[in-house]
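Down below is the structure, laid out as structure tokens.
Rule-based calculations on the coordinates, nothing more; no lab input. Note that this is a predicted model, so its numbers are computed, not measured. Cβ atoms come from the backbone with ideal geometry, glycine included; neighbour counts cover every protein chain shown.
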Amino acid sequence: MIEGTCADAFSPLHDLLERNLADGTDRGASLAVVHDGELVVDLWGGEARPGVPWARDTITQVWSVTKTMAALALLTQVEAGFIDLDAPVIEYWPEFGAHGKEKTLVRHLLGHTSGIPGWGAQVSVEDILDLPASEATLVDQPAWYEAGTAPAYQIVCHGHLLDGVVRGATGRSVADILHDDIMAPLGGGFRLGVPDDELDLCADLSNPPPSNIDYSVLGPDHFLIRTIMNPLLLPEAVCNTPAWRRGAVGGAGGHGNARGIALAQALVSHGGEVNGVRLLSPATIDRIFEVQAEGVDQLLSVPVKFGVGYALQMPSAPAIHEGRVCWWTGYGGAIVVNDLDTRTTFAYAENKLADHMVASPRTDTYVTTAFDCVKELS
């Protein structure tokens, strides 16, 4: 059973979700499309937890889609004049300059070229939930390579890096800005740190199938090996626990539904204003498309193109079309795509994880179907 609303022009997207829930491709999921100022798709269905249906306000961990939400929060502070993307990180976070990192710029953090894709010291899940302490651990290590010279995806620590800058510049956390300045006026639907009275809204994740990545050939010094195990975020054993859900790990731990994510990210696709809420100017949005890194990522081992806070169109993501499009995806399949040319944002959030790092067939089909519907409108 699918609930919600869907404009007639987007009925193929409704039918795709219905098929995927019926055949088990999805267990529970939500889809949303904001197009030309209207929420034209707001669908959900399936199971949040055993015996519990996915409801309108169900939220699920969307892994690295969280990075786009953290970036959005930081960009609002660029807009407000508190942060300069071209400034050294040490202007806002002086301690970060330790061990030769004083030339790292804020935009290097947003473009995954900071040289700090993970923690050098061994950390636990409990450690990274303590943001000030784990941010201090990042400070107290040298970069793994020279900042600004190559991409190395900041797989878990990304949000910690942004949070250090934002708190230093404003005295507020990324999570506070997201909740108070962005999500509250837009009606909610995304949490970076789920409060106790909303824990029952969380859908349980299922473990993904075995990965196609052959970790044995990477070697112990490969950046993926050095980060994915430090710490190991097991979906069922770690991410379904209240302690993790309460945390504010801005690289991977955000919980949301497609409607909340799409409405917030439509600030990017709609010139900075959605539903009467203006938080960005076109000039700030233009900076997203300044290429920070292009080439084979040292952690993901696939070709990437990163702008400021978002990925751009790149060969390892075949469903992302060309144009003024910025996007990113989460482990297991969640995704948000902003198309500025058509004033469209698409979001998908699910709890059955696929073998998905940058792209996979299920997510690609949702993206392609959504934007094929948009093309039919023109």
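With Cα atoms defining each centre, region 165-181 and region 1-39 are spaced 33 Å apart in the structure. Seen from residue 361, the other residues with C-beta closer than 13 Å to its C-beta sum to a net charge of -2, counting Lys and Arg as +1 and Asp and Glu as -1. Using C-alpha pairs under 8 Å with a sequence gap of at least 6, the mean separation divided by the residue count of the chain gives a relative contact order of 25 percent. Comparing 138, 78, 173 along the charge dipole axis of the chain, the residue lying farthest to the positive side is 138, per the Cβ-charge model.
Each Lys and Arg adds +1 at its Cβ and each Asp and Glu adds -1 at its Cβ; summed about the Cα centre, the chain shows a dipole of about 260 debye. In terms of other Cβ atoms within 10 Å, 239, 326 run from fewest to most in the order 239, 326.
Taking label points 7 Å from Cα along the Cα-to-Cβ direction, residue 84 and residue 277 give a separation of 3.0 nm. About its Cα centre, the dipole of region 74-140 is roughly 260 debye, where the only charges are +1 on Lys and Arg Cβ and -1 on Asp and Glu Cβ.
The distance linking region 190-237 with region 93-112 is 26 Å (Cα centroid to Cα centroid, whole angstrom).
Under 12 Å from a label point set 7 Å out along the Cα-to-Cβ vector of residue 290, the amide N atoms of region 103-117 belong to 105-111. What you get for region 250-351, charging only the Cβ of Lys and Arg (+1) and of Asp and Glu (-1), is a dipole of about 240 debye around the Cα centre.
Here the extension length gained between residue 122 and residue 15 equals 33.9 nm, from 0.36 nm per residue of separation less the Cα-Cα distance.
Per-peptide packing, taken as the mean over residues of other Cβ atoms within 10 Å, places 119-132, 28-41 in the sequence 28-41, 119-132 from highest down. So the label point goes 7 Å from the Cα of residue 140 along Cα→C-beta, right? Which residues of region 87-126 then have their backbone N under 15 Å from it? Within reach of a label on residue 140: 95-99, 119-124.
All other residues whose Cβ lies under 10 angstrom from that of residue 308 are scored, Lys and Arg at +1 and Asp and Glu at -1, for a net of 0.
Tell me which label goes with the value of log10 I(q)/I(0) by the Debye sum over Cα atoms at q = 0.06, 0.13 Å⁻¹ computed from the coordinates here: (i) -0.35, -1.03; (ii) -0.25, -1.15; (iii) -0.19, -0.99. Matching the structure shown: (iii). Estimated at 0.36 nm per residue, the fully extended path between residue 91 and residue 238 surpasses their Cα-Cα distance by 49.4 nm. Hey, for a label at residue 23 modelled as a point 7 Å past Cα toward Cβ, could you say which residues of region 319-337 have their backbone N under 19 Å away? Once the point is set 7 Å along Cα→Cβ of residue 23, 333 turn out to lie under 19 Å by backbone N, inside region 319-337. Shown is the FRET efficiency for residue 172 and residue 1, computed with R0 = 51 Å from the Cβ-Cβ distance and rounded to the nearest 0.05: 0.80.
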